[in-house]
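Structure, as structure tokens:
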Amino acid sequence: MIHVAGISKHYGNKVLYKNASFQLNPGEKVGLVGPNGAGKTTIFRILTGEEGYDTGQVAKPERTVVGYFSQNIEEMKGRSVLDEVKSAAGRLPILQNQMLEYEQKLAEPMDDDEMARVLEQYGEVQGEFERLGGYDLDARVAEIVTGLGIPPDDHHRDTSTFSGGWKMRIALAKILILNPDVLLMDEPTNHLDLESIVWLEGWLRSFKGSLLMTSHDRDFMNRLVSKIVEVANQAITTYGGNYDFYEKDKELRREQLIAAAKRQDEMLAKEEEFIARFAARASHAAQVQSRVKKLEKIDRIEIPSEEKAISFVWPEPPRGGDEVVKFENLGKVWSRSDGKQIPVFKGASALVKRLDRVAVVGVNGAGKSTLLKIIAGQTEATEGKVAVGASIDMGYFSQNSLDVLDPKLTVLEEVHSRIPTANLGYVRSLLGAFKFSGDEVEKKISVLSGGEKSRVVLATILCKPVNLLILDEPTNHLDIQSREVLLDAVVNFPGTVMIVSHDRHFLRKMTTRVFRLDHHELTVYDGTWDYYVQKTGVPT
């Protein structure tokens, strides 16, 4: 389908890849992975023709339709959600308008020859429209839009009234309705809730074309891809299998490379010793020269640099009471600017016990974040009561937490300001555990990405001796490696955790109880994530 052969790409003095090759076969689903800045997005832009390359070749069949979903969305306004999505359905909207024009013509008086000509043209357009699935276009658009979490009541709303996150879903729907031969997707699960992620996973599983995607969702990647293309260390490397297989195979290849490098070093040492010993002897001149030439031709094995995992001992929090949070008949109603009352949930009662790992789940708008805000004291309940137990010190994270960072400070200064009594070595060790090493700690907050800011905020929360963590979507914007760092911290955290997350791998590894908000009511499941899935039959 698409063959990339020996391409090289430079940005000034920075080399992204040299003589790199990979192939995307018909119907194949491939994961694209690699560290930030390695050139994953550039690969997408090269495949779409938006960007060139220095050397090499990219070959794909003529008339191949490529759909590209990126995080940069175009401006949307003046059309309903359905009309906006339909506008992306290839030639179908054009054919639909042509059919309408022919139908209007046929309603006008004309002679037999003209009638025959118009009918023939109408038949040709109608045949292509039917072949491309035009007659079920409206149904498919509605199915995709609903599947991505936009309810039918909002299908006819103007796109300009939606927030950026919801516009991202509309942009994703436009790519899906195109139903291209090749689908390129850069973080398609961003801004999606768990239910929409599961729906998209099912849609992509039945998609007949080729798929190349990046994703920070390990489960999403594992369930879809059968091959991994890694962009790292100025090279592109292909691995068979899903993400879990890639991690194991990469480690195995590295061990084999280290062993080969050791053997090569031993061989080189022997050859160099021979050369040094006999270089001055005329009787061995030919042998010495032969070995010198041999060494000049050898390709030295290089071990790619590896990001070191830094362990960090979290501060021991004070022991709180066994009853950490208790709420009874809790209810919340939001008041809109037009005076309308929007019920979120009511009659919610539960007890959070010491060392619980509680996953709070439910569709978008069910009130997950609102429940956490009430417990954290960020908003008040409309009815009922909530009590935080004795000696409970709380750490609270939400996406709004990113706004409290001082853009003028460096990463090191920001975190040190939160724990001024700690020495710089301790702060650097903490930041190293959250993947800020070397000069990265001197970066200004103002230039950090969303994921980097999240890591800074999480570091400032976890460095303090709290015994209750309330985390509202902490995995948003974090790559898989950063999520693993956070997961390890949460699993080993010697306190109680309440979390909202759409990452099923994360929830499966840490959850001991599930609080589900559905139809304004709270249901408690006393068991792991797998127990919850088994009890509810939710598709995860």
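The values are calculated or read from the model by the stated rules, or taken from the named source; none is laboratory data. Computed from a predicted structure; not experimentally measured. Note: ideal-geometry Cβ built from the backbone for every residue, glycine included; neighbour counts use all protein chains shown.
A few comments on the model shown:
- In a residue-by-residue description of the range 67-78, the property of being aliphatic (A, V, I, L, M) and modelled with pLDDT of 90 or more applies to no position.
- Within the range 22-39, the residues that satisfy the criterion of being among the small types (Gly, Ala, Ser) and surrounded by fewer than 15 Cβ atoms within 10 Å (Cβ to Cβ) are 27, 37.
- Scanning the range 337-370 for residues being touching a Phe, Trp or Tyr at 6+ places or on another chain (Cβ under 7 Å) and not in a strand (DSSP E or B) gives a total of 1.
- Screening the candidates 7, 43 for the property of being in contact with a Leu (Cβ under 8 Å, 6 or more places away or on another chain) and β-branched (Val, Ile, Thr) yields one hit, 43.
- The range 36-87 - residue that is under 21 Å from residue 23 (Cβ atoms) and among the basic types (Lys, Arg) and, of those, farthest from the chain's Cα centre (by Cα): 63
- Residues located in the range 488-531, provided they are hydroxyl-bearing (Ser, Thr, Tyr) and surrounded by 23 or more Cβ atoms within 10 Å (Cβ to Cβ): 496, 501, 511
- Taking residues in the range 39-68 that are among the polar types (S, T, N, Q), and partners anywhere that are in a loop (DSSP other than H, G, I, E, B), the pairs with Cβ atoms closer than 8 Å and at least 6 places apart or on different chains are 41/70; 42/51; 64/1; 64/181.
- Checklist (1) under 19 Å from residue 526 (Cβ atoms); (2) loosely packed, with under 13 Cβ neighbours inside 10 Å; (3) modelled with pLDDT of 95 or more applied to residue 329, failing item: (1)
- Among residues of the range 80-121, those that are in contact (Cβ under 8 Å) with a residue 12 or more places away in the chain and more than 30 Å from residue 68 (Cα to Cα), counted: 7
- Residue 51 vs. criteria of a type in the set (Asp, Glu), over 30 Å from residue 157 (Cα atoms) and surrounded by 13 or more Cβ atoms within 10 Å (Cβ to Cβ): yes
- Among the criteria (1) touching a helix residue (DSSP H, G or I) at 6+ places or on another chain (Cβ under 6 Å); (2) closer than 30 Å to residue 467 by Cβ, the one residue 275 does not fulfil is (2).
- Residue check, residue 466 touching a Pro at 6+ places or on another chain (Cβ under 9 Å), closer than 20 Å to residue 349 by Cα and buried (at least 19 other Cβ atoms within 10 Å of the Cβ): no
- If the condition is being among the polar types (S, T, N, Q), closer than 26 Å to residue 201 by Cα and out of contact with any Pro (no Cβ under 8 Å at 6 or more places or on another chain), then the range 106-158 contributes no residue at all.
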